[in-house]
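Peer 1: Structure in structure tokens, see below.
The values are calculated or read from the model by the stated rules, or taken from the named source; none is laboratory data. Computed from a predicted structure; not experimentally measured. A quick note on method: Cβ atoms are made from the backbone with ideal geometry, for glycine too, and the neighbour counts reach across all protein chains shown.
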Ligand SMILES: Cc1cc2nc3c(=O)[nH]c(=O)nc-3n(C[C@H](O)[C@H](O)[C@H](O)COP(=O)(O)O)c2cc1C
């Protein structure tokens, strides 16, 4: 690929991780997992995550391994929580957005659309994405997202 890409993802239950890592293989690029140090396990963690997403709070995240400034494009990958991004991704963007060059967005979610989430990520990054890709949990379960992911990858290359 011509551009140097970095995929930055957060995943609570593995869906976004699976898709982000597959995209990393297709693009042959750097992949950064953002760890959220808040306890988000189980039902309590689910409720806390929904409340945090609605409140748009920041959370304590891991120190990144990669410098986004050294990449031509940052691909932000997040699960949709309460129609917006997960708080770990919100925190990452707020901390490092001044280092972003081009951006693209990838979401996983229960429903088939995530327009509101894309709008919020775009506003937070203060950048128009070169491409977006929304993959539903149903598509992940049935393994029916390869074409979407390949199309997204070719728009990034
Ligand atoms: C707190 C919370 C809120 C969620 N809100 C939405 C939502 O508003 N819309 C939606 O389609 N899916 C929603 N979901 C479902 C997740 O987006 C979906 O399961 C996603 O693939 C999880 O990704 P992960 O396995 O990488 O954590 C929500 C999940 C959680 C935990």
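Peer 1: Could you list all residues from the range 34-46 that are more than 9 Å from the ligand (Cβ to nearest atom) and either under 24 Å from residue 133 (Cβ atoms) or assigned to a loop (DSSP other than H, G, I, E, B) (or both)?
Peer 2: Just the residues of the range 34-46 that are more than 9 Å from the ligand (Cβ to nearest atom), to begin with: 34-39, 41-44.
Correct list: 34, 35, 36, 37, 38, 39, 41.
Peer 1: Just checking, which of 114, 49 is surrounded by 20 or more Cβ atoms within 10 Å (Cβ to Cβ), over 13 Å from the mean Cα position of the chain (by Cα), more than 15 Å from residue 5 (Cβ to Cβ) and within 16 Å of the ligand (Cβ to nearest atom)? Full working, then the answer.
Peer 2: Values: 114 fails: over 13 Å from the mean Cα position of the chain (by Cα).
The match here is 49.
Peer 1: So, of the residues in the range 20-46 that are touching a strand residue (DSSP E or B) at 6+ places or on another chain (Cβ under 8 Å) and more than 16 Å from residue 86 (Cα to Cα), which turns out to be surrounded by the fewest Cβ atoms within 10 Å (Cβ to Cβ)? First the steps, then the outcome.
Peer 2: The initial filter retains those residues of the range 20-46 that are touching a strand residue (DSSP E or B) at 6+ places or on another chain (Cβ under 8 Å), namely 20-21, 23-24, 27, 29-37.
Still in the list and also more than 16 Å from residue 86 (Cα to Cα): 21, 23-24, 27, 29-31.
Details: 21: 15, 23: 24, 24: 20, 27: 22, 29: 21, 30: 17, 31: 20.
Only one residue fits best here, namely 21.
Peer 1: Being within 15 Å of the ligand (Cβ to nearest atom), at pLDDT below 95 and within 17 Å of residue 15 (Cα to Cα), is that true of even one residue in the range 72-88? Steps first, please.
Peer 2: Here is the first cut: in the range 72-88, the ones within 15 Å of the ligand (Cβ to nearest atom) are 75-88.
Cutting the leftovers down to at pLDDT below 95 gives us none.
No.
Peer 1: Considering only the range 7-33, how many residues are in contact with a helix residue (DSSP H, G or I) (Cβ under 9 Å, 6 or more places away or on another chain) and away from the ligand (no atom under 11 Å from the Cβ)?
Peer 2: Of the residues in that region, 10 qualify.
Peer 1: Is at least one residue of the range 92-99 surrounded by fewer than 21 Cβ atoms within 10 Å (Cβ to Cβ), closer than 26 Å to residue 58 by Cβ, modelled with pLDDT of 95 or more and within 14 Å of the ligand (Cβ to nearest atom)?
Peer 2: The answer is no; no qualifying residue exists.
Peer 1: Just to be sure I understand the filter: pairs with C-beta atoms under 7 Å, separated by 6 or more residues or on different chains, first member in the range 37-48 and free of Cβ contacts under 8 Å to residues at least 24 places away in the same chain, second member surrounded by 10 or more Cβ atoms within 10 Å (Cβ to Cβ) and part of a helix (DSSP H, G or I). Which pairs pass?
Peer 2: 39/45
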